[in-house]
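Throughout, read-outs are computed from the coordinates displayed, never taken from laboratory work. Just so it is clear, the model here is predicted, and its values are computed rather than measured. As a convention, Cβ positions derive from the backbone with ideal geometry for all residues, glycine included, and neighbour counts pool all protein chains shown.
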Amino acid sequence: MRCRVCRGNAAIEVRRHNAAFCPDHFIEHVRRQVGRTIHDYAMFHADERLAVGVSGGKDSLALWDILHHLGYRAEGIYLDLGIGGYSKDSLTRVQTFAEKRDLILHSIGLAQQYGFSVPDAAKATRRTACSACGLSKRYILNEEAARRGFDVLVMGHNLDDEAATLFSNVLNWNVEYLGRQRPVLPASDGLVKKVKPLIRVAERETAAYAILSGIDYEVEECPMVEGNTVNRLKEWMTLLEQRSPGITQHFLGGFFDRVSDRFAVEIPDLHPCSDCGRPTTGERCAFCRLQERAMQ
């Protein structure tokens, strides 16, 4: 294979673009894709402060690296979920990444600041570990971004992640979730604007970007992820993509650009949680209820 740009030896093929790239031009290609996504969806501007939710995995670290090279003011927020050695290894990788690039990292310990870990929550409630993890991340990342005065919370969900989530929501006709699945979720009372710049970059491509850029990321899968339905759907989507290159992006992009507005849901009346003060539809927010049960 030859690089589309320089005609040198290609390192990676991107079949949905009918192109192959050498290492340097592949890195440029990915950064350009992210830059266009930021522009096309008006995600943020150069003068805004960005908080990147980082986990130590390939997607979030690749995204932080890309934003840094594109010239944005991006700081990282890492949440230690208390998942044994996995969380410790992930934190070490995030710290090393930030130190090498002279970037600012904010680290929060779930157990230290909130009194419980994800394994605690999974044992104490009927939620799966992934459900407890997702709820905790959404709440705490928003809380930290708001408290520290960031304008935008940037998440590393890639093309495959979002397409598998969309597939799940369509299969189950989760209309409310379909209405909320967007590249940009605007700020509202107590909620920081949230964006997903990697929606046009496949998981395989973020991994290649990380490797070619010398990013040391956590390669081990979370030990508590077994049985995750969205991961199974992602495997099915990968099989479809292998047979029909581009179908994943066509599926997700078509939804965002042509269909998502039809599922727009009315924003329910929100009021402060009686415990933490964050916006919720009930008397107490889901996170405070989870925290109470996990600490019993």
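Would you tally the net charge around Ala124, using a Cβ to Cβ cut-off of less than 12 Å, leaving Ala124 out, and scoring K and R as +1, D and E as -1?
+3
Taking a threshold of 28 Å on the Cα-Cα distance, which of the pairs Lys123/Lys194; Lys123/Lys196; Lys58/Lys193 fall above it?
Lys123/Lys194; Lys123/Lys196
Could you rank the peptides 81-93, 156-168 by their average count of other C-beta atoms within 10 Å per residue, with the highest value first?
Listed from highest to lowest mean packing, they are 156-168, 81-93.
Assuming a ≥ b ≥ c are the square roots of the Cα gyration tensor eigenvalues, decide whether region 124-166 counts as rounded (a/c under 1.5), prolate (otherwise, with a/b larger than b/c) or oblate.
oblate
Summing Lys, Arg as +1 and Asp, Glu as -1, what charge do residues with Cβ under 9 Å from the Cβ of Gln33 carry, Gln33 excluded?
After counting each charged neighbour, the total is +3.
Calculated from DSSP H runs of 4 or more alone, at -39500 (n - 2.57) each and per residue, what is the 222 nm mean residue ellipticity of the chain, nearest 500?
-14500 deg cm²/dmol
So who's got an amide H within less than 5 Å of the one on Val152, skipping anything under 5 residues away but keeping other chains? H placed 1.01 Å off N, in plane.
Arg49, Ala51
Could you list which residues have their amide H under 5 Å from that of Gly109, counting only those 5 or more apart in sequence or on another chain, with H placed in the peptide plane?
Answer set, sorted by chain and number: Asp80.
By how many degrees, between 0 and 90 and to the nearest 10, does the Cα long axis of helix 58-69 differ from the longest principal axis of the chain?
70
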